[in-house]
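Worksheet for the structure shown next.
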Amino acid sequence: MVHQFGDFQNVVYAEALKGIASRYPFDYPSIEEKAAKALPDWVYRYVSSAAGDGRTQRANVEAYSRYGIIPRMMTSPPERDLSTVLFGKKVDVPIFMAPIGMIGLCSPDFHGDVAAATAAGATGVPYCLSTFSQTRMEEVVPHAGGTPVFFQLYLPNDRELAASFIQRAESSGYSGILLTVDSWTLGFRPNDLVIGNFPQFRGFCMQNYYTDENFLKHLSKPPEEDIAPAQRHYATVFAKPLDWEDLDWIRTQTTLPVAVKGIQHPEDARKAIDHGADVIYVTNHGGRQVNSGVPTLQLLPDVLKSAGTTPVVFDSGVRSATDALIALALGATAVGLGRPYAYALSYGGAESLTHYLRGFLAELDLCMAVAGFKDLEELREAGVVRVTG
Ligand code: FNR
């Protein structure tokens, strides 16, 4: 069945005729503004912060305005097919929720992982659970219904714990492992540093660790009785300085597809594929790690060339469906949403996030409709135009 995501717009207009105004905004600036009011200051600060002076975060966002697409007329596709293949599974939408450690804190009930999985179930938008989760991984995945959920792995510096995380993800129904390779140590984030804002050290979003016997066996007391030993042990196991042999090892631990998240250089894409990656994930972590100043959108074409037939997914700086459309037109298999969905969760939990995702999909679908593309293949064939510079 082909979903017409654009129909959501008709529902909104029809409700307005009955005097029911939309409860939630549709545009990114309003979404961020509402989140800044709804979230505790330290959570908003953590989500919005970036490495260094933030130039990479800004460059990510600005990059999209230098590209555009040329619409085609008299082709008016009455139905659009936005489906793609993600981790070997056909999905109806070419977007997904990127892993956000601390998403648990972004929902009013502080169970944002469950809320995000619920919104995934309601919309069909796949969700990636971070290693840092307020709710242990086994309890999150059932909330997504049949929508795929992926597990993002920060590889611990302890093989037993690492193997356990992977096995737990596999046995509890996750559809793939995303190995994050750009964060084996934390980027320098002045806006958090100034108030010493690192929620994990205060025990937030640590449930995957605190429910794992391979973590607990190293503690003198359980975390709920004494947090200090848990903090100290966490600091020793997070995270392993990575090399390509780690990817070889992960491959021996699971039959799930593995994506390597954090690739920016074409040669790294090649190496990841040589070491068994099923998917390449181009991202610069939303400008939170290396403050390089280079937007990921600019790097995507060369990585795509280098990856050949291996699927390439992408994120960083996507703030609207038009941004996603450009990355898809360049050749990304699917596009990850980051901060915007964390903000959309903050003022109404699963309900406001579901509204946001429906709005995003409606915009994407309607962009395709008015530009005359019936599916992603046609969009890719049309390609993008560099507008300036
Ligand atoms: C992240 N990101 C991230 N990535 C990851 O692999 N594991 C994680 O736990 C986190 N945690 C996290 C927390 C917060 C608050 C943010 C904003 C981001 C990176 C995330 O998956 C994605 O790459 C970026 O969010 C994309 O950039 P934009 O679109 O948010 O600017």
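The values are calculated or read from the model by the stated rules, or taken from the named source; none is laboratory data. The structure presented is a predicted model; accordingly, all values stated were derived computationally and were not measured. All Cβ positions, glycine included, derive from the backbone under ideal geometry; neighbour counts span all protein chains shown. For the accessible areas, the whole protein counts, side chains as well, though only heavy atoms, and no ligand, DNA or RNA atoms are used. Shrake-Rupley method; radii C 1.70, N 1.55, O 1.52, S 1.80 Å.
Structure data summary
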| item | result |
| --- | --- |
| Equivalent ellipsoid semi-axes - Cα gyration tensor, the chain, angstrom | 33, 24, 20 |
| Translational D in µm²/s for region 101-234 (Stokes-Einstein at 37 °C, 0.692 mPa s, Kirkwood Rh from C-alpha pairs) | 212 |
| Mean separation of Cα contacts under 8 Å, 6 or more apart, over the residue count of the chain: relative contact order % | 28 |
| 222 nm mean residue ellipticity, helices alone, for the chain (DSSP H n ≥ 4; -39,500 (n - 2.57); rounded to 500) | -12500 deg cm²/dmol |
| For peptides 74-83, 338-347, sequence by mean Cβ density within 10 Å, most packed first | 338-347, 74-83 |
| Fully extended contour minus Cα-Cα distance, from residue 110 to residue 201, at 0.36 nm per residue | 31.1 nm |
| Given 217/261; 90/374; 89/240, the pairs whose alpha carbons are separated by over 24 Å | 217/261; 89/240 |
| Among beta bridges that DSSP assigns inside the chain, antiparallel share in %, nearest 5 | 15 |
| Principal-axis tilt of helix 159-171 within the chain, Cα atoms, nearest 10 degrees | 40 |
| Cβ charges +1 (Lys, Arg) and -1 (Asp, Glu), total dipole of the chain, debye | 600 |
| Protein accessible area in region 7-386, 1.4 Å probe - carbon and sulfur % | 54 |
